[in-house]
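Have a look at the structure below, then the notes.
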Amino acid sequence: MSGVASLRVTVAGGSLGGLCAGVALRGAGCLVDIFERTPHQMTSRGAGIVVQDDLTSLLQQNNAPTLPTTSCTHRLYLEATGGQGKMIPMPQHFTSWEAIYRTLRAVFSDEHYHLGKTMTDFTNEENYVNVLFADGQTCSADLLICTDGIHSKTRRRLLPDIHPHYAGYVAFRGTLPEGAADSDLVNFFDERFIFCNARSGGHILCYLIPGDDASIERGKRRLNWVWYVHVKEGADLTALLTDSQGQQRESSLGPGEVPQSRVKDIHTQAEQELHPQFARLVQATPDPFVQSIIDVVVPQMVFGRVCLLGDAAFVVRPHTAAAAAKAADDAASLATALMGSATSLERALSIWEQRQLETGRSLTDYGVMLGSRWARAR
Ligand SMILES: Cc1cc2nc3c(=O)[nH]c(=O)nc-3n(C[C@H](O)[C@H](O)[C@H](O)COP(=O)(O)OP(=O)(O)OC[C@H]3O[C@@H](n4cnc5c(N)ncnc54)[C@H](O)[C@@H]3O)c2cc1C
(Lines give C-alpha, C1' and ligand atoms only; values in the text may rest on other atoms or scores of the structure.)
Protein backbone atom coordinates (compact mmCIF):
# COMPACT_ATOMS: atom_id res chain seq x y z
CA MET A 1 0.00 0.00 0.00
CA SER A 2 1.52 3.28 -1.05
CA GLY A 3 -0.29 5.19 1.73
CA VAL A 4 -3.89 5.77 2.67
CA ALA A 5 -4.03 9.11 0.83
CA SER A 6 -3.82 7.47 -2.57
CA LEU A 7 -6.23 4.60 -1.82
CA ARG A 8 -9.08 4.40 -4.34
CA VAL A 9 -12.21 3.25 -2.50
CA THR A 10 -15.52 2.20 -4.07
CA VAL A 11 -18.56 2.04 -1.76
CA ALA A 12 -21.62 0.06 -2.94
CA GLY A 13 -24.73 1.36 -1.11
CA GLY A 14 -25.35 5.03 -0.35
CA SER A 15 -27.51 4.94 2.78
CA LEU A 16 -26.16 5.74 6.26
CA GLY A 17 -23.52 2.98 6.29
CA GLY A 18 -22.17 3.93 2.86
CA LEU A 19 -22.13 7.63 3.70
CA CYS A 20 -20.41 7.05 7.07
CA ALA A 21 -17.74 5.00 5.25
CA GLY A 22 -17.40 7.63 2.52
CA VAL A 23 -17.10 10.54 4.95
CA ALA A 24 -14.68 8.76 7.33
CA LEU A 25 -12.38 7.43 4.59
CA ARG A 26 -12.38 10.66 2.67
CA GLY A 27 -11.47 12.36 5.96
CA ALA A 28 -8.53 9.94 6.15
CA GLY A 29 -7.44 11.09 2.71
CA CYS A 30 -8.78 8.26 0.50
CA LEU A 31 -10.34 8.88 -2.92
CA VAL A 32 -13.90 7.66 -2.38
CA ASP A 33 -16.83 7.14 -4.75
CA ILE A 34 -20.24 6.00 -3.44
CA PHE A 35 -22.68 4.14 -5.72
CA GLU A 36 -26.36 3.90 -4.66
CA ARG A 37 -28.93 1.89 -6.61
CA THR A 38 -31.86 4.23 -5.74
CA PRO A 39 -32.22 6.63 -8.68
CA HIS A 40 -33.47 9.68 -6.73
CA GLN A 41 -32.41 11.58 -3.59
CA MET A 42 -33.47 9.55 -0.56
CA THR A 43 -34.18 12.42 1.84
CA SER A 44 -37.86 11.92 2.53
CA ARG A 45 -37.69 8.39 3.89
CA GLY A 46 -37.16 6.85 7.31
CA ALA A 47 -38.27 7.39 10.87
CA GLY A 48 -36.68 7.90 14.29
CA ILE A 49 -33.18 7.11 15.48
CA VAL A 50 -31.78 7.57 19.01
CA VAL A 51 -28.59 9.67 18.86
CA GLN A 52 -25.43 7.85 19.95
CA ASP A 53 -21.88 9.12 20.49
CA ASP A 54 -20.31 7.02 17.69
CA LEU A 55 -22.34 8.89 15.11
CA THR A 56 -21.89 12.38 16.56
CA SER A 57 -18.12 11.83 16.91
CA LEU A 58 -17.84 10.82 13.26
CA LEU A 59 -19.82 13.91 12.22
CA GLN A 60 -17.76 16.26 14.41
CA GLN A 61 -14.41 14.78 13.31
CA ASN A 62 -15.37 15.39 9.70
CA ASN A 63 -16.65 18.96 10.17
CA ALA A 64 -20.27 18.10 9.41
CA PRO A 65 -23.00 20.64 10.18
CA THR A 66 -24.83 20.18 13.49
CA LEU A 67 -27.14 17.17 13.39
CA PRO A 68 -30.77 18.29 13.84
CA THR A 69 -32.00 16.67 17.06
CA THR A 70 -34.92 16.72 19.45
CA SER A 71 -34.58 15.83 23.12
CA CYS A 72 -36.32 14.58 26.23
CA THR A 73 -35.68 15.18 29.90
CA HIS A 74 -37.43 12.11 31.36
CA ARG A 75 -38.49 8.55 30.69
CA LEU A 76 -42.05 7.61 31.54
CA TYR A 77 -43.18 4.01 32.01
CA LEU A 78 -46.93 3.50 31.56
CA GLU A 79 -49.23 0.51 32.01
CA ALA A 80 -51.84 -0.53 29.45
CA THR A 81 -54.53 -0.19 32.11
CA GLY A 82 -54.02 3.58 32.15
CA GLY A 83 -52.83 5.93 34.90
CA GLN A 84 -49.94 8.36 35.29
CA GLY A 85 -47.11 5.81 35.17
CA LYS A 86 -43.65 6.12 36.65
CA MET A 87 -41.31 8.94 35.59
CA ILE A 88 -37.53 8.97 35.94
CA PRO A 89 -35.11 11.71 34.84
CA MET A 90 -33.09 10.58 31.79
CA PRO A 91 -32.11 13.21 29.21
CA GLN A 92 -31.66 11.86 25.67
CA HIS A 93 -31.41 13.12 22.09
CA PHE A 94 -33.27 11.84 19.06
CA THR A 95 -33.03 12.40 15.36
CA SER A 96 -34.40 10.92 12.14
CA TRP A 97 -32.96 8.85 9.33
CA GLU A 98 -33.51 11.81 7.02
CA ALA A 99 -31.68 14.24 9.33
CA ILE A 100 -28.63 11.96 9.52
CA TYR A 101 -28.70 11.35 5.77
CA ARG A 102 -28.84 15.11 5.02
CA THR A 103 -26.04 15.87 7.49
CA LEU A 104 -23.74 13.21 6.00
CA ARG A 105 -24.59 14.26 2.45
CA ALA A 106 -23.68 17.87 3.32
CA VAL A 107 -20.05 16.80 3.78
CA PHE A 108 -19.78 14.33 0.91
CA SER A 109 -19.43 15.86 -2.53
CA ASP A 110 -22.17 15.38 -5.15
CA GLU A 111 -19.47 14.69 -7.70
CA HIS A 112 -18.52 11.44 -5.96
CA TYR A 113 -22.03 10.32 -4.88
CA HIS A 114 -23.64 8.44 -7.76
CA LEU A 115 -27.37 7.68 -7.71
CA GLY A 116 -29.06 5.02 -9.85
CA LYS A 117 -25.94 2.82 -9.84
CA THR A 118 -26.54 -0.80 -8.89
CA MET A 119 -23.46 -2.92 -8.33
CA THR A 120 -24.07 -6.27 -10.01
CA ASP A 121 -20.71 -8.01 -9.73
CA PHE A 122 -17.11 -7.68 -8.60
CA THR A 123 -13.90 -9.64 -8.96
CA ASN A 124 -11.22 -9.67 -6.31
CA GLU A 125 -7.90 -9.42 -8.19
CA GLU A 126 -4.51 -9.64 -6.50
CA ASN A 127 -3.92 -5.89 -6.15
CA TYR A 128 -7.30 -4.35 -6.92
CA VAL A 129 -11.04 -5.05 -7.23
CA ASN A 130 -13.00 -4.76 -10.46
CA VAL A 131 -16.58 -3.59 -9.93
CA LEU A 132 -19.43 -3.94 -12.45
CA PHE A 133 -22.67 -1.94 -12.47
CA ALA A 134 -26.08 -2.73 -13.98
CA ASP A 135 -25.64 -0.10 -16.72
CA GLY A 136 -22.45 -1.81 -17.92
CA GLN A 137 -20.02 0.68 -16.36
CA THR A 138 -17.01 -0.80 -14.59
CA CYS A 139 -14.51 0.68 -12.19
CA SER A 140 -11.41 -0.57 -10.49
CA ALA A 141 -10.59 0.20 -6.86
CA ASP A 142 -7.98 -0.64 -4.24
CA LEU A 143 -10.79 -1.40 -1.79
CA LEU A 144 -14.50 -2.22 -2.24
CA ILE A 145 -16.76 -1.54 0.75
CA CYS A 146 -20.19 -3.16 0.50
CA THR A 147 -22.86 -1.33 2.49
CA ASP A 148 -25.80 -2.88 0.67
CA GLY A 149 -27.93 -3.31 3.77
CA ILE A 150 -29.91 -5.90 5.65
CA HIS A 151 -30.57 -8.14 2.61
CA SER A 152 -27.06 -7.63 1.20
CA LYS A 153 -26.51 -9.64 -1.97
CA THR A 154 -22.78 -9.34 -1.35
CA ARG A 155 -23.19 -11.08 2.03
CA ARG A 156 -25.26 -13.83 0.36
CA ARG A 157 -22.56 -14.33 -2.22
CA LEU A 158 -19.57 -14.26 0.14
CA LEU A 159 -21.23 -16.07 3.06
CA PRO A 160 -23.88 -18.32 1.47
CA ASP A 161 -24.48 -20.25 4.72
CA ILE A 162 -25.42 -17.14 6.71
CA HIS A 163 -29.17 -16.48 6.73
CA PRO A 164 -31.12 -13.74 8.52
CA HIS A 165 -32.88 -15.21 11.57
CA TYR A 166 -36.43 -14.02 12.33
CA ALA A 167 -36.66 -13.10 16.04
CA GLY A 168 -40.35 -14.05 16.42
CA TYR A 169 -41.76 -10.53 16.54
CA VAL A 170 -42.27 -7.48 14.36
CA ALA A 171 -42.35 -3.74 14.93
CA PHE A 172 -45.42 -1.80 13.86
CA ARG A 173 -44.05 1.72 13.40
CA GLY A 174 -45.44 5.11 12.59
CA THR A 175 -44.68 8.79 12.43
CA LEU A 176 -47.28 11.51 12.91
CA PRO A 177 -46.61 15.18 12.12
CA GLU A 178 -47.24 17.35 15.19
CA GLY A 179 -49.56 19.49 13.10
CA ALA A 180 -51.82 16.50 12.40
CA ALA A 181 -52.16 15.58 16.09
CA ASP A 182 -54.31 17.13 18.84
CA SER A 183 -52.23 19.55 20.89
CA ASP A 184 -52.94 17.73 24.17
CA LEU A 185 -51.60 14.51 22.60
CA VAL A 186 -48.41 16.31 21.49
CA ASN A 187 -48.02 17.85 24.97
CA PHE A 188 -48.40 14.44 26.56
CA PHE A 189 -45.53 12.95 24.52
CA ASP A 190 -43.31 16.06 24.29
CA GLU A 191 -40.00 16.13 26.23
CA ARG A 192 -40.45 12.51 27.30
CA PHE A 193 -39.36 9.09 26.07
CA ILE A 194 -42.44 7.05 26.91
CA PHE A 195 -42.78 3.25 27.13
CA CYS A 196 -45.82 1.06 27.75
CA ASN A 197 -46.22 -2.72 28.01
CA ALA A 198 -49.09 -4.05 25.90
CA ARG A 199 -51.76 -6.24 27.53
CA SER A 200 -50.92 -9.43 25.62
CA GLY A 201 -47.15 -8.94 25.53
CA GLY A 202 -44.81 -6.71 23.60
CA HIS A 203 -44.45 -3.01 24.25
CA ILE A 204 -44.67 0.37 22.55
CA LEU A 205 -42.46 3.45 22.83
CA CYS A 206 -42.62 7.00 21.52
CA TYR A 207 -40.35 10.04 21.18
CA LEU A 208 -40.44 13.19 19.07
CA ILE A 209 -38.12 13.50 16.06
CA PRO A 210 -37.33 16.15 13.43
CA GLY A 211 -40.04 16.66 10.83
CA ASP A 212 -39.94 17.22 7.07
CA ASP A 213 -36.65 18.69 5.84
CA ALA A 214 -35.20 17.68 9.25
CA SER A 215 -36.98 20.65 10.87
CA ILE A 216 -36.82 20.75 14.69
CA GLU A 217 -39.12 23.74 15.06
CA ARG A 218 -42.08 23.22 17.41
CA GLY A 219 -45.14 22.43 15.34
CA LYS A 220 -43.05 20.85 12.58
CA ARG A 221 -41.64 17.83 14.42
CA ARG A 222 -43.04 14.31 14.22
CA LEU A 223 -44.20 11.86 16.88
CA ASN A 224 -42.33 8.61 16.27
CA TRP A 225 -43.65 5.34 17.72
CA VAL A 226 -42.50 1.72 17.62
CA TRP A 227 -44.76 -1.13 18.81
CA TYR A 228 -43.23 -4.61 19.20
CA VAL A 229 -45.75 -7.41 18.63
CA HIS A 230 -45.27 -11.20 18.54
CA VAL A 231 -46.17 -12.73 15.17
CA LYS A 232 -45.70 -16.45 14.47
CA GLU A 233 -43.39 -17.38 11.64
CA GLY A 234 -45.32 -18.99 8.76
CA ALA A 235 -48.79 -18.03 7.55
CA ASP A 236 -49.27 -15.15 10.05
CA LEU A 237 -45.98 -13.50 9.15
CA THR A 238 -46.48 -14.09 5.42
CA ALA A 239 -49.90 -12.42 5.58
CA LEU A 240 -48.49 -9.47 7.52
CA LEU A 241 -45.70 -8.94 5.00
CA THR A 242 -48.08 -8.88 2.02
CA ASP A 243 -48.42 -5.32 0.73
CA SER A 244 -51.49 -3.44 -0.52
CA GLN A 245 -50.77 -4.68 -4.08
CA GLY A 246 -50.75 -8.33 -2.92
CA GLN A 247 -46.94 -8.60 -3.22
CA GLN A 248 -45.08 -10.66 -0.63
CA ARG A 249 -42.17 -8.62 0.87
CA GLU A 250 -38.99 -9.99 2.38
CA SER A 251 -39.03 -8.26 5.77
CA SER A 252 -40.79 -4.90 5.80
CA LEU A 253 -43.60 -2.75 4.40
CA GLY A 254 -43.06 1.00 4.18
CA PRO A 255 -45.56 3.81 4.86
CA GLY A 256 -48.47 3.55 2.40
CA GLU A 257 -47.69 -0.09 1.59
CA VAL A 258 -49.72 -1.70 4.40
CA PRO A 259 -53.21 -2.73 3.17
CA GLN A 260 -56.04 -0.56 4.57
CA SER A 261 -57.69 -3.61 6.20
CA ARG A 262 -54.47 -4.25 8.13
CA VAL A 263 -54.19 -0.57 9.14
CA LYS A 264 -57.72 -0.89 10.56
CA ASP A 265 -56.67 -4.03 12.50
CA ILE A 266 -53.65 -2.20 13.95
CA HIS A 267 -55.89 0.68 15.05
CA THR A 268 -58.38 -1.74 16.67
CA GLN A 269 -55.60 -3.72 18.34
CA ALA A 270 -54.20 -0.46 19.79
CA GLU A 271 -57.52 0.21 21.58
CA GLN A 272 -57.43 -3.25 23.17
CA GLU A 273 -53.74 -3.45 24.01
CA LEU A 274 -52.35 -0.04 24.92
CA HIS A 275 -52.57 2.84 27.38
CA PRO A 276 -55.31 5.22 26.13
CA GLN A 277 -52.77 7.90 25.06
CA PHE A 278 -50.81 5.39 22.98
CA ALA A 279 -54.08 4.05 21.51
CA ARG A 280 -54.93 7.62 20.42
CA LEU A 281 -51.47 8.08 18.92
CA VAL A 282 -51.59 4.85 16.89
CA GLN A 283 -55.15 5.52 15.75
CA ALA A 284 -54.20 9.03 14.60
CA THR A 285 -51.45 7.58 12.37
CA PRO A 286 -52.98 6.87 8.94
CA ASP A 287 -50.00 5.06 7.41
CA PRO A 288 -48.21 2.79 9.91
CA PHE A 289 -45.50 0.53 8.55
CA VAL A 290 -44.13 -2.89 9.46
CA GLN A 291 -40.60 -4.13 10.06
CA SER A 292 -39.85 -7.74 11.01
CA ILE A 293 -37.10 -8.06 13.59
CA ILE A 294 -34.18 -10.15 12.43
CA ASP A 295 -30.67 -11.02 13.59
CA VAL A 296 -27.66 -11.50 11.35
CA VAL A 297 -24.29 -12.56 12.74
CA VAL A 298 -21.35 -12.88 10.35
CA PRO A 299 -18.08 -14.74 11.01
CA GLN A 300 -16.05 -12.61 8.58
CA MET A 301 -16.15 -9.03 7.27
CA VAL A 302 -13.06 -8.93 5.03
CA PHE A 303 -12.66 -10.98 1.84
CA GLY A 304 -9.42 -9.98 0.14
CA ARG A 305 -10.00 -6.34 -0.85
CA VAL A 306 -13.76 -6.50 -0.25
CA CYS A 307 -15.37 -5.59 3.12
CA LEU A 308 -18.90 -5.81 4.51
CA LEU A 309 -19.93 -2.81 6.64
CA GLY A 310 -23.11 -1.67 8.48
CA ASP A 311 -26.20 -3.86 8.09
CA ALA A 312 -24.51 -5.79 5.27
CA ALA A 313 -22.45 -7.38 8.07
CA PHE A 314 -24.28 -7.62 11.43
CA VAL A 315 -27.96 -6.76 11.82
CA VAL A 316 -28.76 -5.74 15.38
CA ARG A 317 -32.21 -5.37 16.96
CA PRO A 318 -33.73 -1.90 17.21
CA HIS A 319 -33.87 -2.12 21.08
CA THR A 320 -30.12 -1.51 21.06
CA ALA A 321 -30.72 1.80 19.23
CA ALA A 322 -27.35 1.05 17.65
CA ALA A 323 -27.72 0.26 13.92
CA ALA A 324 -26.69 3.71 12.70
CA ALA A 325 -24.09 4.06 15.46
CA LYS A 326 -22.62 0.67 14.54
CA ALA A 327 -22.30 1.77 10.91
CA ALA A 328 -20.53 4.93 12.11
CA ASP A 329 -18.21 2.91 14.34
CA ASP A 330 -17.43 0.44 11.51
CA ALA A 331 -16.54 3.39 9.30
CA ALA A 332 -14.50 5.40 11.82
CA SER A 333 -12.56 2.27 12.89
CA LEU A 334 -11.76 1.44 9.30
CA ALA A 335 -10.35 4.93 8.75
CA THR A 336 -8.27 4.63 11.93
CA ALA A 337 -6.97 1.16 10.97
CA LEU A 338 -5.99 2.36 7.50
CA MET A 339 -4.22 5.44 8.84
CA GLY A 340 -2.40 3.40 11.49
CA SER A 341 -1.04 0.78 9.12
CA ALA A 342 0.56 2.75 6.31
CA THR A 343 2.42 -0.12 4.70
CA SER A 344 -0.02 -3.03 4.56
CA LEU A 345 -3.67 -2.86 3.52
CA GLU A 346 -4.05 -6.52 4.45
CA ARG A 347 -2.84 -5.87 8.00
CA ALA A 348 -5.07 -2.79 8.40
CA LEU A 349 -8.13 -4.77 7.27
CA SER A 350 -7.30 -7.66 9.55
CA ILE A 351 -7.01 -5.37 12.62
CA TRP A 352 -10.28 -3.68 11.68
CA GLU A 353 -12.12 -6.96 11.10
CA GLN A 354 -11.10 -8.41 14.45
CA ARG A 355 -12.36 -5.35 16.32
CA GLN A 356 -15.62 -5.00 14.41
CA LEU A 357 -16.48 -8.71 14.67
CA GLU A 358 -16.28 -8.37 18.45
CA THR A 359 -18.41 -5.20 18.42
CA GLY A 360 -20.99 -6.79 16.10
CA ARG A 361 -21.25 -9.96 18.19
CA SER A 362 -21.66 -8.12 21.46
CA LEU A 363 -24.32 -5.78 20.02
CA THR A 364 -26.34 -8.65 18.53
CA ASP A 365 -26.14 -10.53 21.87
CA TYR A 366 -27.25 -7.38 23.69
CA GLY A 367 -30.24 -7.00 21.33
CA VAL A 368 -31.25 -10.65 21.83
CA MET A 369 -31.01 -10.20 25.63
CA LEU A 370 -33.19 -7.06 25.55
CA GLY A 371 -35.71 -8.82 23.29
CA SER A 372 -35.97 -11.86 25.55
CA ARG A 373 -36.30 -9.68 28.65
CA TRP A 374 -39.59 -8.21 27.50
CA ALA A 375 -40.73 -11.53 26.02
CA ARG A 376 -40.32 -13.06 29.53
CA ALA A 377 -42.16 -10.12 31.08
CA ARG A 378 -45.41 -11.11 29.33
C1 LIG B 1 -34.54 4.55 3.05
C2 LIG B 1 -34.13 3.98 4.38
C3 LIG B 1 -34.78 4.42 5.54
C4 LIG B 1 -34.39 3.91 6.78
N5 LIG B 1 -35.03 4.39 7.88
C6 LIG B 1 -34.64 3.96 9.12
C7 LIG B 1 -35.26 4.50 10.29
O8 LIG B 1 -36.15 5.30 10.22
N9 LIG B 1 -34.83 4.07 11.50
C10 LIG B 1 -33.81 3.15 11.61
O11 LIG B 1 -33.42 2.81 12.73
N12 LIG B 1 -33.22 2.62 10.52
C13 LIG B 1 -33.62 3.00 9.29
N14 LIG B 1 -33.02 2.48 8.15
C15 LIG B 1 -31.98 1.47 8.34
C16 LIG B 1 -30.67 2.12 8.72
O17 LIG B 1 -30.22 3.00 7.72
C18 LIG B 1 -29.67 1.02 8.92
O19 LIG B 1 -30.12 0.08 9.87
C20 LIG B 1 -28.33 1.47 9.45
O21 LIG B 1 -28.17 2.84 9.48
C22 LIG B 1 -27.21 0.86 8.61
O23 LIG B 1 -27.33 1.34 7.31
P24 LIG B 1 -26.74 0.61 6.05
O25 LIG B 1 -26.31 1.72 5.14
O26 LIG B 1 -25.74 -0.41 6.44
O27 LIG B 1 -27.95 -0.19 5.41
P28 LIG B 1 -29.25 0.39 4.68
O29 LIG B 1 -29.69 1.63 5.33
O30 LIG B 1 -30.21 -0.73 4.56
O31 LIG B 1 -28.73 0.79 3.21
C32 LIG B 1 -28.37 -0.08 2.20
C33 LIG B 1 -28.32 0.73 0.91
O34 LIG B 1 -27.70 -0.03 -0.11
C35 LIG B 1 -28.39 0.19 -1.33
N36 LIG B 1 -28.10 -0.96 -2.19
C37 LIG B 1 -28.51 -2.26 -2.01
N38 LIG B 1 -27.98 -3.03 -2.98
C39 LIG B 1 -27.20 -2.24 -3.76
C40 LIG B 1 -26.39 -2.48 -4.91
N41 LIG B 1 -26.29 -3.71 -5.42
N42 LIG B 1 -25.74 -1.45 -5.48
C43 LIG B 1 -25.84 -0.19 -4.93
N44 LIG B 1 -26.60 0.11 -3.86
C45 LIG B 1 -27.27 -0.91 -3.27
C46 LIG B 1 -29.85 0.30 -0.89
O47 LIG B 1 -30.65 0.94 -1.84
C48 LIG B 1 -29.71 1.11 0.41
O49 LIG B 1 -29.74 2.49 0.18
C50 LIG B 1 -33.38 2.92 6.88
C51 LIG B 1 -32.75 2.48 5.70
C52 LIG B 1 -33.10 2.99 4.45
C53 LIG B 1 -32.41 2.52 3.20
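Tell me yes or no: at least one residue of region 157-164 is acidic (Asp, Glu) and closer than 17 Å to VAL11 by Cα. Can you show your working first?
First, the residues of region 157-164 that are acidic (Asp, Glu): 161.
Right, trim to closer than 17 Å to VAL11 by Cα and you get none.
No, region 157-164 contains no residue that is acidic (Asp, Glu) and closer than 17 Å to VAL11 by Cα.
Considering only region 290-322, how many residues are at pLDDT 95 or above and either within 10 Å of the ligand (Cβ to nearest atom) or among the β-branched types (Val, Ile, Thr) (or both)? Walk me through it before giving the result.
From region 290-322, those at pLDDT 95 or above are 290-317; that's our starting set.
Retained after the next criterion (residues that are either within 10 Å of the ligand (Cβ to nearest atom) or among the β-branched types (Val, Ile, Thr) (or both)): 290-291, 293-294, 296-298, 302, 306, 308-316.
The total comes to 18.
Where in region 202-286 are there helices (runs of 4 or more DSSP H), lying fully within it, with 3 or more residues that are among the hydrophobic types (A, V, I, L, M, F, W, C) and surrounded by 16 or more Cβ atoms within 10 Å (Cβ to Cβ)? Steps first, answer last, please.
Numbers: elements: 235-240, 260-273, 276-283.
Correct list: 260-273, 276-283.
How many residues are in contact with a Leu (Cβ under 7 Å, 6 or more places away or on another chain) and crowded, with 20+ Cβ neighbours inside 10 Å if we restrict to region 52-63? If you could, list the steps in order and put the result at the bottom.
Keep residues of region 52-63 that are in contact with a Leu (Cβ under 7 Å, 6 or more places away or on another chain), which gives 56, 59.
Those left that are additionally crowded, with 20+ Cβ neighbours inside 10 Å: 59.
Adding up the residues that qualify gives 1.
Report every pair of residues separated by at least 6 positions or lying on different chains whose Cβ atoms are under 9 Å apart, first residue within region 248-266 and without any contact (Cβ under 8 Å) to a residue 12 or more places away in the chain and farther than 12 Å from PRO288 by Cα, second surrounded by 16 or more Cβ atoms within 10 Å (Cβ to Cβ) and aliphatic (A, V, I, L, M).
So the pair list comes out as GLN248/LEU241; ARG249/LEU241; ARG249/VAL290.
Please go through region 47-74 and give me each residue that is in a strand (DSSP E or B) and within 19 Å of ALA322 (Cα to Cα), ordered by number.
Correct list: GLY48, ILE49, VAL50, THR70, SER71, CYS72.
Could you grab the pairs with beta carbons closer than 7 Å, sequence gap of 6+ or different chains, first residue in region 324-353 and more than 21 Å from ASN127 (Cα to Cα) and within 16 Å of the ligand (Cβ to nearest atom), second one basic (Lys, Arg) and part of a helix (DSSP H, G or I)?
Matching pairs, first to second residue: SER333/ARG355.
Any idea which residue in region 14-33 is farthest from THR336 (Cα to Cα), counting only those that are in contact with a strand residue (DSSP E or B) (Cβ under 6 Å, 6 or more places away or on another chain) and more than 9 Å from the ligand (Cβ to nearest atom)?
Narrowing region 14-33 to residues in contact with a strand residue (DSSP E or B) (Cβ under 6 Å, 6 or more places away or on another chain): 14, 18, 21-22, 25-26, 30-33.
Imposing the further condition that a residue be more than 9 Å from the ligand (Cβ to nearest atom) reduces the set to 22, 25-26, 30-33.
Numbers: GLY22: 13, LEU25: 9, ARG26: 12, CYS30: 12, LEU31: 16, VAL32: 16, ASP33: 19 Å.
Ranking the candidates gives ASP33 first.
Being part of a helix (DSSP H, G or I), touching a residue at least 24 places away in the same chain (Cβ under 8 Å) and more than 22 Å from ASP121 (Cα to Cα) is true for just one of LEU25, LEU19. Which residue is that?
Working: LEU19 fails: more than 22 Å from ASP121 (Cα to Cα).
Being part of a helix (DSSP H, G or I), touching a residue at least 24 places away in the same chain (Cβ under 8 Å) and more than 22 Å from ASP121 (Cα to Cα) holds for just one of LEU25, LEU19, which is LEU25.
Any residue in region 120-138 that is free of Cβ contacts under 8 Å to residues at least 24 places away in the same chain and acidic (Asp, Glu) sitting within a Cβ distance under 7 Å of a residue that is part of a strand (DSSP E or B) and surrounded by 13 or more Cβ atoms within 10 Å (Cβ to Cβ)? List the pairs, counting only those 6 or more apart or interchain.
ASP121/LEU132
So THR10 passes all but one of these: (1) within 16 Å of the ligand (Cβ to nearest atom); (2) in a loop (DSSP other than H, G, I, E, B); (3) of a type outside the set (Gly, Ala, Ser). Which condition number does it fail?
For THR10, the failing item is (2).
Which one is farthest from PHE94 (Cα to Cα) among residues in region 179-197 that are assigned to a strand (DSSP E or B) and among the aromatic types (Phe, Trp, Tyr)?
Looking only at region 179-197, we keep the residues that are assigned to a strand (DSSP E or B), and these are 192-197.
Narrowing the set further to residues that are among the aromatic types (Phe, Trp, Tyr) leaves 193, 195.
Working: PHE193: 10, PHE195: 15 Å.
In this case the residue turns out to be PHE195.
The values are calculated or read from the model by the stated rules, or taken from the named source; none is laboratory data. Quick caveat, the model's predicted, so the values are computed rather than measured. All Cβ positions, glycine included, derive from the backbone under ideal geometry; neighbour counts span all protein chains shown.
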